Amino acid sequence: MRLGLVGAGRWGKRYIATMAAMDGVRLAHLVSGNPESATLVPSDCRLSSDWRAATTDRTLDGIILATPPVMHLEMALAAIANGIPVLVEKPMTLSADDARTLVDRAGRERVLVMVGHTHLYSAAFRELKSRGALLGDLLHTRSAGGNWGPFRPDTPVLWDWGPHDVAMCLDLFDAAPTRVDARRVVVEESERARGETIEIALDFEEGRQAQIRVSNLERTKQRCFEATFAGGTLVYDDLAAEKLVYRAAPGAAGQALPLDASMPLTNELSEFCRLVTSGQRTDPSLELGLRVVQVLASCQSRLDLAEAAEAS
């Protein structure tokens, strides 16, 4: 499997390391503006500084976009035009219109586009879904994701941290929310960038709800997702030693659940390679990616309206 990668930043380097450890997968073309990236890849890997060189490289079996999301649409459309399957990092775009354009073009050209919501491929979340199916109705979820930074001028915290939690909620509820609300609870401005803590509420049919908190102002990193079913609660804490715990009732002692040792990014890449090898032209992750962007866009509208009201 010959793959191309656009972007060798923090997350791009993780893709490089993950591919290097996978059998039958080869990084054949890397696009990076940093000449030192040559030290990260095999000697026979083609290096380019212009992303168009990769999206027109028909020797590739697929291409991974690990760039700022503002660039995703143009790059993905170029790859689709050349019939190259695409794995695009979250969020797939920064607007609902752009996300719809990408979905429509991929469908019309019948080219595979997969969206990399990495936590959906973690062993803990997969087990949470499997166990949850045996615990009856999903009642509500509560999650928190954050750290000190990153402070990205091109990707606000809502779009940087929010896609993970929203993707897990939508995947687990398997439905679109009937109401979306969002509010800023903390804002810190600096010369470098804007820090924010945002609370999101998603209502679903039958009174079910998801509560999400995302922030780039946390002193301690957080990545916790709690799902309460009729038959108990499952807690996925990506930073804990015991990543998945079951509680039969509020306040009850937690029972750690066994998980396989697979890594989320390895699972994600393996799934992309499987889809490409089997000739799949569509994947549910693309429609999910669209729904995630639509929810985030609704949240952004709520935040913008509140900010405008405060300024007036």
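Filtering region 18-45 to residues that are hydrophobic (A, V, I, L, M, F, W, C) and under 12 Å from residue 5 (Cα atoms) leaves 19, 27, 28, 30, 31, 41, 45. Of the candidates 190, 215, the single residue that is under 25 Å from residue 150 (Cβ atoms) and at pLDDT 95 or above is 215. For region 81-107, the set of residues classified as surrounded by fewer than 23 Cβ atoms within 10 Å (Cβ to Cβ) and of a type in the set (Val, Ile, Thr) consists of 101, 103, listed by residue number. Restricting region 196-208 to residues that are open to solvent by less than 70 Å² (accessible area, probe 1.4 Å) and touching a Ser or Thr at 6+ places or on another chain (Cβ under 8 Å), the residue that is nearest to residue 175 (Cα to Cα) is 204.
Filtered by the rule that a residue be more than 20 Å from residue 266 (Cα to Cα), among the small types (Gly, Ala, Ser) and either open to solvent by less than 20 Å² (accessible area, probe 1.4 Å) or in contact with a helix residue (DSSP H, G or I) (Cβ under 8 Å, 6 or more places away or on another chain) (or both), region 21-53 gives 32, 37, 48.
Scanning region 125-143 for residues that are part of a loop (DSSP other than H, G, I, E, B) and charged (D, E, K, R) gives a single hit, 137. Take the conditions (1) under 14 Å from residue 123 (Cβ atoms); (2) assigned to a strand (DSSP E or B); residue 246 misses just one of them, which is (1). Checking region 54-66 against the condition returns no match, with no residue being free of Cβ contacts under 8 Å to residues at least 40 places away in the same chain, at positive phi and either buried (at least 20 other Cβ atoms within 10 Å of the Cβ) or out of contact with any Cys (no Cβ under 6 Å at 6 or more places or on another chain) (or both).
Within region 145-161, the set of residues being in a strand (DSSP E or B) and loosely packed, with under 14 Cβ neighbours inside 10 Å comprises 148 only.
Matching residues to (1) closer than 22 Å to residue 146 by Cα; (2) open to solvent by less than 60 Å² (accessible area, probe 1.4 Å):
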| residue | (1), (2) |
| --- | --- |
| 243 | yes, no |
| 248 | no, no |
| 252 | no, yes |
| 259 | no, no |
| 266 | no, yes |
| 276 | no, yes |
| 283 | no, yes |
| 287 | no, no |
| 290 | no, yes |
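Taken as a whole, the condition of being surrounded by 14 or more Cβ atoms within 10 Å (Cβ to Cβ), out of contact with any helix residue (DSSP H, G or I) (no Cβ under 6 Å at 6 or more places or on another chain) and either free of Cβ contacts under 8 Å to residues at least 60 places away in the same chain or in a strand (DSSP E or B) (or both) applies to residue 228. A residue that is at pLDDT 95 or above, closer than 28 Å to residue 278 by Cβ, open to solvent by 30 Å² or more (accessible area, probe 1.4 Å) and not β-branched (Val, Ile, Thr) can be found somewhere in region 132-144. When you go through (1) surrounded by 17 or more Cβ atoms within 10 Å (Cβ to Cβ); (2) touching a residue at least 40 places away in the same chain (Cβ under 8 Å) one by one for residue 233, which number turns out not to apply? It fails just one condition, (2).
Residue-level analysis places residue 297 among those that are open to solvent by less than 40 Å² (accessible area, probe 1.4 Å) and either assigned to a loop (DSSP other than H, G, I, E, B) or within 24 Å of residue 160 (Cα to Cα) (or both).
When region 31-62 is filtered for residues that are of a type in the set (Asp, Glu) and modelled with pLDDT of 95 or more, the ones remaining, listed by number, are 50, 57, 61. Exactly one residue out of 133, 124, 96 is without any contact (Cβ under 8 Å) to a residue 24 or more places away in the chain and more than 15 Å from the chain's Cα centre (by Cα), and it is 133. No other residue among 181, 154 is of a type outside the set (S, T, N, Q), farther than 25 Å from residue 234 by Cα and touching a residue at least 60 places away in the same chain (Cβ under 8 Å) apart from 154.
The values are calculated or read from the model by the stated rules, or taken from the named source; none is laboratory data. All figures in this text were calculated on a predicted structure; none of them were measured in a lab. With ideal geometry, Cβ positions are generated from the backbone for all residues, glycine too; neighbour counts draw on all protein chains shown. The area values use the complete protein model at the heavy-atom level, side chains included, leaving out ligands, DNA and RNA. Shrake-Rupley method; radii C 1.70, N 1.55, O 1.52, S 1.80 Å.
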